[in-house]
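The values are calculated or read from the model by the stated rules, or taken from the named source; none is laboratory data. All values reported here derive from a predicted model rather than from experimental measurement. Neighbour counts run over all protein chains shown; Cβ positions are idealised from the backbone, glycine included.
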Amino acid sequence: MKYSPISFTVLLASLLCFAVIPAIVHADYDTAYNLFKEKKYTEAIPLLEEWCGTYPKDPRGAYTLAQCYVKTRQNRKAIDRLTIILEHHPEHAPSQFLMGMLTVPDSPAKALSHFQRAAEEQPDNEQYNYFWGSTLMAEKRYDEAETALRKATKVNPKNAKAQFDLGRVLLFNNKPADSISPLTIASKGTDKASALFYLGLAQLQTKDFAGATDSLSEAAKLTPDDAKVFYNLGLARESTLGDDVKGMEPYDPVIEAYLKACALDKEASDYQYRLGNAYEQAVRKIYTQTAGNDALSAKALDYLSKAKAAFTSANSDAAKDRITGVDQMIENIKNPQIIEEEVAE
């Protein structure tokens, strides 16, 4: 799991705001803790350092001090303090979780053990299971991630982030049908565009092409610069077309999506190949009707010219084979008697 320094700091700070620390009946600690609650972290630190020097095995004092260090951007000191307390109290779930949050940017594998221990100590904690599962997913340990994320979503089914990661894990684990429900829930959350994209992929894999078209169309509106969204939208639209399609017009929305994908990612061979195929298939629907129809022939030749250009850009063996067929169709349309003879046969 990757975090930018800014986003990680903001996330960590927000998580710490919800920490619940039981008060200890002791004047020095009470003073320090009240300063912590008042967000006077710099003032609280020397009092807490003195407290931890006197009571080095007290997990609550050490945890509060570690939080103050984090708030004042002294993460190294926070890690050192947590290391000491976890040697004595590995069962202290908040400290395990905070250690995981501090280590995950540089070492997700190391953070996993801390997230796991926190979740095991408090199995009904939505947050602990979510971060454990999401980190497992980032490490591509999908089976384990699925278990942890299911626990998180069971505790809070409305957690859109957990539902999103669960949906992706199920999709990565070749369970597209199971992924649709969590991704549908996630699509109502803040990361709507990404959730809709993955929902569209799941619907494509389960052959719900109409649903995939709707999901990916919405995703395209939200992320108009994402080539892969438009490419998969093209696949969805193309898959809704049956063998009984009449005319070239039904292929225009397909071509439009592939054109957008190709414009956004000019190096993607697959995108160019699908674009060329869409142009060619559109012409095949009216190929026999071009003989004696100058307007239709002109449009067909235009599409075939664009198909050839796309196949050329794709620059693959499969695309080169398709160019031969396109050239033959162009030659035949220019000589309508050939098409008439084909129809007569």
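Which residues, taken from region 264-290, are of a type in the set (Phe, Trp, Tyr) and under 33 Å from the mean Cα position of the chain (by Cα)?
TYR271, TYR273, TYR279, listed by residue number.
How about region 37-145: which helices (runs of 4 or more DSSP H) wholly inside it have at least 2 residues that are aromatic (Phe, Trp, Tyr), surrounded by 19 or more Cβ atoms within 10 Å (Cβ to Cβ) and touching a Lys or Arg at 6+ places or on another chain (Cβ under 9 Å)?
59-71, 126-138
Looking at (1) buried (at least 17 other Cβ atoms within 10 Å of the Cβ); (2) in contact (Cβ under 8 Å) with a residue 24 or more places away in the chain; (3) within 21 Å of LEU233 (Cα to Cα), which is the only condition MET329 fails?
Answer for MET329: the failing condition is (3).
Taking VAL254 as meeting all but one of (1) more than 30 Å from THR288 (Cβ to Cβ); (2) at pLDDT 95 or above, write down the number of the exception.
It is condition (1) that VAL254 fails.
Check PRO94, PRO105, PRO59 and return the single one that is touching a residue at least 60 places away in the same chain (Cβ under 8 Å) and within 22 Å of ASP30 (Cβ to Cβ).
PRO94 is the lone residue from the list that is touching a residue at least 60 places away in the same chain (Cβ under 8 Å) and within 22 Å of ASP30 (Cβ to Cβ).
Please verify whether region 209-221 includes one or more residues that are among the β-branched types (Val, Ile, Thr) and farther than 22 Å from LYS188 by Cα.
Checked region 209-221: no residue is among the β-branched types (Val, Ile, Thr) and farther than 22 Å from LYS188 by Cα.
Look at GLY189 and say whether it is surrounded by fewer than 24 Cβ atoms within 10 Å (Cβ to Cβ), at negative phi, modelled with pLDDT under 95 and touching a helix residue (DSSP H, G or I) at 6+ places or on another chain (Cβ under 6 Å). It would help to see each step written out before you state the result.
Details: surrounded by fewer than 24 Cβ atoms within 10 Å (Cβ to Cβ): yes; at negative phi: yes; modelled with pLDDT under 95: yes; touching a helix residue (DSSP H, G or I) at 6+ places or on another chain (Cβ under 6 Å): yes.
It is true that GLY189 is surrounded by fewer than 24 Cβ atoms within 10 Å (Cβ to Cβ), at negative phi, modelled with pLDDT under 95 and touching a helix residue (DSSP H, G or I) at 6+ places or on another chain (Cβ under 6 Å).
Only one residue in THR184, THR190 is out of contact with any strand residue (DSSP E or B) (no Cβ under 8 Å at 6 or more places or on another chain), assigned to a helix (DSSP H, G or I), among the polar types (S, T, N, Q) and not assigned by TED's automatic domain parsing to the domain that holds VAL229. Which one?
None of the other options fit; the residue is THR184.
One line per residue, one yes/no per condition, for (1) more than 29 Å from the chain's Cα centre (by Cα); (2) modelled with pLDDT of 95 or more:
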position	(1), (2)
THR72	yes, yes
HIS89	yes, yes
LYS110	no, no
HIS114	no, yes
ALA119	no, yes
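Report, by residue number, each residue of region 215-238 that is surrounded by fewer than 17 Cβ atoms within 10 Å (Cβ to Cβ) and acidic (Asp, Glu).
The one that is surrounded by fewer than 17 Cβ atoms within 10 Å (Cβ to Cβ) and acidic (Asp, Glu): ASP225.
Exactly one of (1) hydroxyl-bearing (Ser, Thr, Tyr); (2) more than 16 Å from ASN232 (Cα to Cα); (3) touching a Ser or Thr at 6+ places or on another chain (Cβ under 8 Å) is unmet by SER269. Its number?
SER269 satisfies all of (1) hydroxyl-bearing (Ser, Thr, Tyr); (2) more than 16 Å from ASN232 (Cα to Cα); (3) touching a Ser or Thr at 6+ places or on another chain (Cβ under 8 Å) except (2).
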